[in-house]
Amino acid sequence: MIKNNSNNVELQRAVAVCSNSQTELASRLTDYFKSAGINRVVTQKHVWNWLNRECKTPTNVAYAIEVVTEGVSKAYLLCPGEFPVPVEAA
């Protein structure tokens, strides 16, 4: 069962954008990192852990999630306090 908090709601939104597939989100993130020259593989297990065990999104993937969801999920909502809040969102 996914625990609800504001970070998880935003991460759930990212999964929803990816056809409700944790695997698809992981694949998009892996492709993003690869295109940036970063050797990082994200698996469905990582996404599941962020949602269910850790109940937070790692700061080092929050911006990547914003990019791969084309801005639907926001880094500043995934990791409050770690990214600046845009003026229009404040």
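Which residues, counting only those in the range 48-81, are of a type in the set (Asp, Glu) and either exposed (fewer than 14 other Cβ atoms within 10 Å of the Cβ) or free of Cβ contacts under 8 Å to residues at least 12 places away in the same chain (or both)?
Let us first name the residues in the range 48-81 that are of a type in the set (Asp, Glu), namely 54, 66, 70.
Hits for the range 48-81 are 54, 70.
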query = Given the conditions (1) part of a helix (DSSP H, G or I); (2) closer than 21 Å to residue 82 by Cα; (3) not aromatic (Phe, Trp, Tyr), which single one is not true for residue 16?
reply = (2)
note = Log entry, pairs with first residue in the range 24-39 being without any contact (Cβ under 8 Å) to a residue 24 or more places away in the chain and buried (at least 18 other Cβ atoms within 10 Å of the Cβ), second being assigned to a loop (DSSP other than H, G, I, E, B) and charged (D, E, K, R), beta carbons closer than 9 Å, six or more apart or on different chains, reads 30/40
message = Could you go through the range 11-33 and let me know if any residue there is modelled with pLDDT of 95 or more and in contact with a His (Cβ under 7 Å, 6 or more places away or on another chain).
response = yes
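Counting only residues that are acidic (Asp, Glu) and over 15 Å from residue 13 (Cβ atoms), which one in the range 38-90 is modelled with the lowest pLDDT? Walk me through it before giving the result.
Narrowing the range 38-90 to residues acidic (Asp, Glu): 54, 66, 70, 82, 88.
Those left that are additionally over 15 Å from residue 13 (Cβ atoms): 54, 82, 88.
On the way: 54: 87, 82: 91, 88: 80.
Filtering first and then ranking leaves 88.
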task = Could you grab me the full set of residues in the range 72-90 that are farther than 17 Å from residue 24 by Cβ and of a type in the set (Gly, Ala, Ser)?
result = 75, 81, 89, 90
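The values are calculated or read from the model by the stated rules, or taken from the named source; none is laboratory data. Treat the numbers as computed from the prediction; the structure is a model and nothing was measured. Note: ideal-geometry Cβ built from the backbone for every residue, glycine included; neighbour counts use all protein chains shown.
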